[in-house]
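Accompanying notes for the structure given below.
No value in this document is a laboratory result; all are computed from the given coordinates. Predicted model, so just to flag it, every value in this text is computed and none were measured. Glycine also receives a Cβ, built like all others from the backbone with ideal geometry; neighbour counts cover every protein chain displayed.
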Amino acid sequence: MSAARDSCDTCLVARRKVKITLDDETVRWVRVEAAKRDASVSRFVGDVLRSHMKWQRGYERAMRSYLSSAAQPAQCPGASYRFRGDLHDRASVR
């Protein structure tokens, strides 16, 4: 592991080297995108993966929160559902 400076000048972040294999089209795209951001390929790939990791953790947290809450009825108790034909009747617009 090596310590590297993150985007903040006072923060040191431990980083590890890993080897990845990419197809030619992906390599070209990664190089162009990294250059657009004035970053190395390594930094760009790390940022993309970190962003995806944060998104996925947030999604999983939201999913757990949603699934842990009690189910809510679709309508008021005792009310009857409308028939499909009534909902899609277009006679009034013909």
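Determine the relative contact order of the chain: mean sequence separation of Cα pairs under 8 Å and six or more apart, normalised by residue count, in whole percent. Walk me through the numbers before you get to the answer.
Numbers: 29 pairs, mean separation 10.5, N = 94.
In percent, rounded to a whole number, it is 11.
Return the calculated 222 nm mean residue ellipticity for the chain, to the nearest 500 deg cm²/dmol, obtained by summing -39500 (n - 2.57) across DSSP H runs with n ≥ 4 and dividing by the residue count. Let's see the in-between values first.
Values: 3 runs with 45 residues, N = 94.
Helices in the chain give a 222 nm mean residue ellipticity of -15500 deg cm²/dmol.
Among D89, D47, the ranking by other beta carbons within 10 Å of each residue's beta carbon, starting with the fewest, stands as D89, D47. In this Cβ point-charge picture (+1 for Lys and Arg, -1 for Asp and Glu), the chain has a dipole of about 160 debye about its Cα centre. The phi-based Karplus calculation (6.51 cos²θ - 1.76 cosθ + 1.60; θ = phi - 60°) puts the 3J(HN,Hα) values of segment 54-61 at 5, 4, 5, 5, x, 4, 5, 5 Hz, whole numbers, x for Gly and Pro.
According to the square roots a ≥ b ≥ c of the eigenvalues of the Cα gyration tensor, what is the shape class of segment 32-94, taking rounded for a/c under 1.5, prolate for a/b larger than b/c otherwise, and oblate for the remainder? Don't skip to the end; give the middle numbers.
Details: a/c = 8.60, a/b = 2.17, b/c = 3.97.
Verdict is oblate for segment 32-94.
The GNM of the chain, with springs linking C-alpha atoms under 10 angstrom apart, assigns the highest mean-square fluctuation among G78, G58, G46 to G78.
Starting from segment 39-92, pick out the chymotrypsin sites (Phe, Trp or Tyr not before Pro) whose DSSP state is loop and whose Cβ has at most 14 other Cβ atoms within 10 Å. Each step should come with its number before you reach the end.
On the way: sites: F44, W55, Y59, Y66, Y81, F83; in loops: Y81, F83.
Here the sparse-neighbourhood loop sites are Y81, F83.
So if R0 is 30 Å, what FRET efficiency would E60 and V13 give, r being the distance between their Cβ atoms, rounded to the nearest 0.05? That gives a FRET efficiency of 0.80.
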